[in-house]
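Where a number appears in this text, it was derived from the coordinates with a stated rule and is not lab data. Because the structure is a prediction, the values reported are computed rather than measured. Cβ placement follows ideal geometry from the backbone for every residue including glycine, while neighbour counts extend to all protein chains displayed.
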Amino acid sequence: MAAQGSAADRFNTGEAHSARVYDYVLGGKDNYPVDQEAGEAMIREWPALRVHMRANREFMHRAARYLAREEGIRQFLDIGTGLPTVPNVHEIVQEVTPDSRVVYVDNDPIVLAHARALLTSSPEGRTAYIDADMRDPDAIIGSPQFQEILNLRQPVGLMIIGILHFILDTDDDHGLVQRLLAPLPAGSFLAMTIGTADFAPQEVGRVATEYARRGMPMQLRTQAEAEAFFTGLDLVEPGVTQVHHWRPDADQGAIDDRDIAMYGAVARKNT
């Protein structure tokens, strides 16, 4: 369900928000004491949280670079973009092809307030920001920004990074992903990360409890449940795997599997 009211009406620094907690844990400055307190509580429950969140962000970098460099994707739809943390998707893909286009989507008014930092495209390319919720695909697809920036006669890279664990079964999770994919032409790609407790169930379970206690319920999924989101798509090797195992950079240091609670994959839409 899309957030209602203006961004100013929804600006609430008295409750933790997932985007700002993420920003705090990654060392950002666009957060508030309530987000910092939440982040510290979660780190106490699982000290590897920073390693996990960095690995998720680095997967996004690699997936975007792969799609731009290896698959020739020139336009991207980034759902749940969060607060600006360099490099962002447009900075990665425009380094490969300066005329790439990126549409960012988020529903946090503080992200909206920082949108200007995202909208610094190369002169040849385009970026835009949509204030909308993943739970309302029609608001995203029907927005002027989506219609103006993305050419649906050409493939699109759909990025759903670090948000699906906040989308519950009761939100029609599979249906939402399919509705976002539906208007994209054949040859488009889905890059997605999916939270899991498969590798550190007790620690990650306690983190999920902390999120839920602050009004941010989570759903953690098994590998089989993660793989089900890619049914009907052609997975890029190595398929659905922990994010740090997906085409790691040569200089990636050793990471303990128990420190990562996210599956990731990239897959091609052929019809």
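Some observations on this one:
- Short-range pairs are left out: with C-alpha atoms under 8 Å and at least six residues apart, the relative contact order of the chain is 20 percent.
- Charges were assigned to the Cβ only: +1 to each Lys and Arg, -1 to each Asp and Glu. The resulting dipole of the chain about its Cα centre is roughly 380 debye.
- Only beta bridges with both residues in the chain are counted; by DSSP, about 35 percent of them are antiparallel.
- Among L67, L176, L164: highest mean-square fluctuation, GNM of the chain, C-alpha pairs under 10 Å: L176
- For segment 82-208, the equivalent ellipsoid built from the Cα gyration tensor has semi-axes of 26, 18, 15 Å, listed from largest to smallest.
- Under the Debye formula (equal points on every Cα, no solvent term), log10 I(q)/I(0) of the chain at q = 0.17 Å⁻¹: -1.53
- Calculated mean residue ellipticity at 222 nm for the chain: -10000 deg cm²/dmol, from DSSP H runs with n ≥ 4 weighted as -39500 (n - 2.57), summed, divided by the residue count and rounded to 500.
- Equivalent ellipsoid dimensions for segment 166-271 as semi-axes, Å, which come from the Cα gyration tensor, largest first: 25, 21, 10
- Exposed loop sites, defined as GluC sites (Glu not before Pro) outside DSSP H, G, I, E and B with at most 12 other Cβ atoms within 10 Å, are absent from the longest region of the chain, namely 125-271.
- If you wrap segment 107-150 in the convex hull of its Cα atoms and look at it from every side, the mean projected area works out to 3.3 nm².
- Radius of gyration, Dmax [segment 144-184; alpha carbons; angstrom]: 12.1, 33
- Simple rule: put +1 on each Lys or Arg Cβ and -1 on each Asp or Glu Cβ in segment 136-193, find the dipole, and look at G162, L184, P137; the Cα lying farthest toward the positive end is L184.
- Cα centroid of segment 117-155 to Cα centroid of segment 39-81, whole Å: 19 Å
- Segment 8-143 - Rg (one decimal) and Dmax (whole number), Cα, Å: 15.6, 46
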